[in-house]
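What follows is one structure encoded as structure tokens, with my remarks underneath.
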């Protein structure tokens, strides 16, 4: 192998490594320690979908809220649903509520199908005008937020945190 070819491979490998490290690490949101932006969005799959319920952040005061902004084309989003669902079930009795927020222009009937196929164990809410996406400054998928009982953002990350990291963030606001 000649020197130029080796150098090209080395630069490429470093760039991929840096990107992977950044993506796996995630990035803190500028909303951390700020009041969580209000929203009122319809539930399109899961508990409350059949009755046309809406999720209003104001109605969740006193509970810890985990928001999972995701997209149907996002592989890491799909991969993270299992861990998020397990945590949703584990912390449900302690007043932690999980919601998946999607802003895609998908037909309404797609959401229950995705819910079943991906294994969502928490409601999916639709942000068809992307108002919550803008308010929460979502720039990548998935993006996760943990909101404390006073409705202050305590954790925000683009990318997929480990299950242990997310659990630490949840338990820190429960204490």
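The values are calculated or read from the model by the stated rules, or taken from the named source; none is laboratory data. Worth saying up front: this structure is predicted, and the values here are computed from it rather than measured. Here Cβ is always computed from backbone atoms with ideal geometry, including for glycine, and neighbour counts include all displayed protein chains.
Do the conditions hold for residue 103, that is, is it touching a helix residue (DSSP H, G or I) at 6+ places or on another chain (Cβ under 6 Å) and surrounded by fewer than 14 Cβ atoms within 10 Å (Cβ to Cβ)? Spell out how you get there, then give the answer.
Details: touching a helix residue (DSSP H, G or I) at 6+ places or on another chain (Cβ under 6 Å): yes; surrounded by fewer than 14 Cβ atoms within 10 Å (Cβ to Cβ): no.
No.
Looking only at residues of the range 140-172 that are within 12 Å of the chain's Cα centre (by Cα) and in a loop (DSSP other than H, G, I, E, B), we find that the one that is surrounded by the fewest Cβ atoms within 10 Å (Cβ to Cβ) is 140. Would you be able to say whether some residue in the range 128-136 is at positive phi and either buried (at least 18 other Cβ atoms within 10 Å of the Cβ) or modelled with pLDDT of 95 or more (or both)? Yes, some residue in the range 128-136 is at positive phi and either buried (at least 18 other Cβ atoms within 10 Å of the Cβ) or modelled with pLDDT of 95 or more (or both). Among the residues of the range 138-162, those identified as out of contact with any strand residue (DSSP E or B) (no Cβ under 7 Å at 6 or more places or on another chain) and at pLDDT below 95 are 159, 160, 162.
Of all the numbered requirements in (1) outside any helix (DSSP H, G or I); (2) over 21 Å from residue 57 (Cα atoms), residue 125 misses one, and that requirement is (2). Of 42, 112, all but one fail to be touching a strand residue (DSSP E or B) at 6+ places or on another chain (Cβ under 6 Å) and assigned to a helix (DSSP H, G or I); the exception is 112. Only one of the numbered conditions (1) surrounded by fewer than 22 Cβ atoms within 10 Å (Cβ to Cβ); (2) more than 18 Å from residue 37 (Cβ to Cβ); (3) touching a residue at least 12 places away in the same chain (Cβ under 8 Å); (4) out of contact with any helix residue (DSSP H, G or I) (no Cβ under 7 Å at 6 or more places or on another chain) is not met by residue 84, and that is (1). Identify the residue in the range 45-72 that is free of Cβ contacts under 8 Å to residues at least 24 places away in the same chain and part of a loop (DSSP other than H, G, I, E, B) and, among all such residues, is nearest to residue 98 (Cα to Cα). Among them, the one singled out is 53.
Taking the stated definitions as given, is residue 66 within 13 Å of the chain's Cα centre (by Cα), farther than 20 Å from residue 112 by Cβ, modelled with pLDDT of 95 or more and buried (at least 20 other Cβ atoms within 10 Å of the Cβ)? Walk me through it before giving the result.
Numbers: within 13 Å of the chain's Cα centre (by Cα): yes; farther than 20 Å from residue 112 by Cβ: yes; modelled with pLDDT of 95 or more: yes; buried (at least 20 other Cβ atoms within 10 Å of the Cβ): yes.
Spelling it out, residue 66 is indeed within 13 Å of the chain's Cα centre (by Cα), farther than 20 Å from residue 112 by Cβ, modelled with pLDDT of 95 or more and buried (at least 20 other Cβ atoms within 10 Å of the Cβ).
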